[in-house]
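The values are calculated or read from the model by the stated rules, or taken from the named source; none is laboratory data. Only a predicted model underlies this, so the values are computations on that prediction, with no experimental measurement involved. Here the Cβ is made from the backbone with ideal geometry for all residues, glycine too, and neighbour counts use every protein chain on show. Please note that ligands, DNA and RNA were not included when accessible areas were found on the heavy atoms of the full protein model with its side chains. Shrake-Rupley method; radii C 1.70, N 1.55, O 1.52, S 1.80 Å.
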Amino acid sequence: MNAQEKLRKAYHQANSIVALEGWTPTDDALAIQERVIRGELTHDEAVRAHIAAVNGDEAKPGA
């Protein structure tokens, strides 16, 4: 299993865990996760992108 597959599996597991609490990731959140998996965003950039998405900011880091 390569690094991308491991990260994709980890995100899937995390999404499954929070789904038990009733949270469903938005399309934006899933897109950010995929960009991290592909190496397009760092963790810090992903956090900023999630915050921007929640705040409705136009400029999303790393976009």
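Below is a table of values for the structure above.
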| item | result |
| --- | --- |
| Helix-derived mean residue ellipticity, 222 nm - over the chain, DSSP H n ≥ 4, -39500 (n - 2.57), to 500 | -21000 deg cm²/dmol |
| Directionally averaged shadow of the chain, computed from the convex hull of its alpha-carbon atoms, nm² | 4.4 |
| Share of carbon and sulfur in the accessible heavy-atom surface of the chain [1.4 Å probe, %] | 55 |
| Accessible area expressed per residue, the chain, with surrounding protein chains retained (probe 1.4 Å, Å²) | 74 |
| Local net charge near A3, Cβ-Cβ under 13 Å (Lys/Arg +1, Asp/Glu -1) | +3 |
| Charged-residue dipole, Cβ positions (Lys, Arg, Asp, Glu), the chain about Cα centre, Debye nearest 20 | 280 |
| Computed label-point distance, nm, for sites D57 and L20 using a 7 Å Cα→Cβ extension | 3.3 |
| Label point distance in nm, V47-Q4, each placed 7 Å from Cα along Cα→Cβ | 2.6 |
